[in-house]
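Notes follow once the structure below has been shown.
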């Protein structure tokens, strides 16, 4: 399964603009009204499992939380870095689904131990402190990778980007990735 969002233009009519406003500059409104659409899609068949929409000014995560009830323990949820909020990942974990989310370069999980394939087990603090137990932690497996894309008229290496996916972990023992 994968989750992602997009914007759709709506008709510029009064019956719609009260709910889906136009973008506004300092003195004028411009463009067509936009709505935000989020969907959970099965990656192989591209079947839509669930979707929701609303005004585009809300952001993706509130809509994504509405779709969590459609996930279960048989699923692996793929998502981009817009969905790496620790509270959202914890909510995905409570559904039983596993996740694989691209993390931003700013994400710094607490490394617990390295694995033979170069990935490592880590934790993220959920920011919830319990007396006598400390902070609640979300366990992750982190894989750091470099992806290089060279276009026809581009110097090699100019398209090089770091990619750091984080995934949920079922237990302490993790099989090395190949």
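Among 55, 116, 33, which one shows the highest mean-square fluctuation when the chain is modelled as a Gaussian network with alpha-carbon springs under 10 Å?
Between 55, 116, 33, it is 116 that shows the largest mean-square fluctuation.
Measure out, as a whole number of angstrom, how far apart the alpha-carbon centroids of the range 5-50 and the range 51-103 sit.
About 19 Å separates the Cα centre of the range 5-50 from the one of the range 51-103.
For the pair residue 108 and residue 133, what calculated FRET efficiency results from E = 1/(1 + (r/R0)^6), where r is the Cβ-Cβ distance and R0 = 30 Å, to the nearest 0.05?
Calculated value: 0.85.
Using the 10 angstrom Cβ neighbour count as an exposure proxy, how do 60, 29, 14 rank, fewest first?
14, 29, 60
Take each of the peptides 126-136, 76-86, average the number of other beta-carbon atoms within 10 Å over its residues, and list them starting from the highest.
The most tightly packed comes first, giving 76-86, 126-136.
Please compute the length gained on full extension between residue 93 and residue 29, using 0.36 nm multiplied by the number of residues separating them and subtracting their Cα-Cα distance.
Gain in length upon complete extension: 18.9 nm.
How would you rank 137-145, 43-51, highest first, on the average number of other Cβ atoms within 10 Å across their residues?
Order by mean packing, descending: 137-145, 43-51.
Output the Kirkwood hydrodynamic radius of the chain, Cα pairs only, in Å rounded to one decimal. The partial results should precede the final answer.
Values: mean 1/r = 0.0531 Å⁻¹.
In the chain this quantity evaluates to 18.8 Å.
Provide the FRET efficiency to the nearest 0.05 for the residue 37-residue 115 pair, computing r from the beta carbons and using R0 = 22 Å.
Working from the Cβ atoms, E equals 0.05.
If I build a Gaussian network model for the chain, linking alpha-carbon pairs within less than 10 angstrom, which residue out of 54, 114, 31 has the largest mean-square fluctuation?
The residue that fluctuates most here is 31.
Averaging over every viewing direction, what projected area does the convex hull of the Cα atoms of the range 1-70 cover, in nm²?
Values: hull surface 21.8 nm².
Average of the hull's projected areas for the range 1-70 equals 5.5 nm².
Which residue fluctuates the most in the chain, going by a Gaussian network model with Cα springs under 10 Å, if the choices are 166, 125, 103?
125
Bear in mind these aren't lab numbers, they're just calculated from the coordinates by the rules spelled out. What you see is a predicted model; the values in this text were computed from it and never measured. Backbone-built Cβ (ideal geometry, glycine too); neighbour counts: all protein chains shown.
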